[in-house]
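I have placed the structure first, in the form of structure tokens, so that the comments after it can refer back to it.
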Amino acid sequence: MITSVQAVFHGRVQGVWFRAWTQGEALKLGLSGWVRNCADGTVEAVFSGEDENVAAMLDKARKGPPLARVDNITTEPANAPEGPGFHKLPTA
């Protein structure tokens, strides 16, 4: 089953390669969607794909890349992104 979620990552997630790491991990899992920095210091992403792959991405993101510190992740259902691929977007 295909799932799409919007996730917001709180903690030390900007300036630590979090977006590039997220993009790479999402592509390895065959997910589509996007990731971007937010002006409030969080990182926001939409992950869309097989249920187990979305769950695996969220599990990986709890730790993040080596320099990151993820204190909290909030999620909610999202609309599937338009088109394939996983993209880094400009800051919102």
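Taken together, the residues in the stretch 47-89 that are within 14 Å of Ala20 (Cα to Cα) and in a strand (DSSP E or B) amount to 3. When the stretch 1-33 is limited to residues that are of a type in the set (Lys, Arg) and closer than 15 Å to Ile73 by Cα, the one that is surrounded by the most Cβ atoms within 10 Å (Cβ to Cβ) turns out to be Arg19. Examine the stretch 71-91 for a residue that is over 12 Å from Val8 (Cα atoms), at pLDDT below 95 and in contact with a Gly (Cβ under 8 Å, 6 or more places away or on another chain), and state whether such a residue exists. Looking through the stretch 71-91, at least one residue is over 12 Å from Val8 (Cα atoms), at pLDDT below 95 and in contact with a Gly (Cβ under 8 Å, 6 or more places away or on another chain). Against the list (1) among the hydrophobic types (A, V, I, L, M, F, W, C); (2) under 13 Å from Phe18 (Cα atoms); (3) assigned to a loop (DSSP other than H, G, I, E, B); (4) in contact with an Asp or Glu (Cβ under 8 Å, 6 or more places away or on another chain), the condition Ala92 fails is (2).
Where residues in the stretch 34-53 are in contact with a Gly (Cβ under 8 Å, 6 or more places away or on another chain) and crowded, with 17+ Cβ neighbours inside 10 Å, which of them is nearest to Asp71 (Cα to Cα)?
As a first pass, look at the stretch 34-53 and keep what is in contact with a Gly (Cβ under 8 Å, 6 or more places away or on another chain): 45-50, 53.
Next cut, crowded, with 17+ Cβ neighbours inside 10 Å only: 45-49, 53.
On the way: Ala45: 16, Val46: 18, Phe47: 19, Ser48: 23, Gly49: 25, Asn53: 22 Å.
Ranking the qualifying residues of the stretch 34-53, first place goes to Ala45.
The values are calculated or read from the model by the stated rules, or taken from the named source; none is laboratory data. Only a predicted model underlies this, so the values are computations on that prediction, with no experimental measurement involved. As a convention, Cβ positions derive from the backbone with ideal geometry for all residues, glycine included, and neighbour counts pool all protein chains shown.
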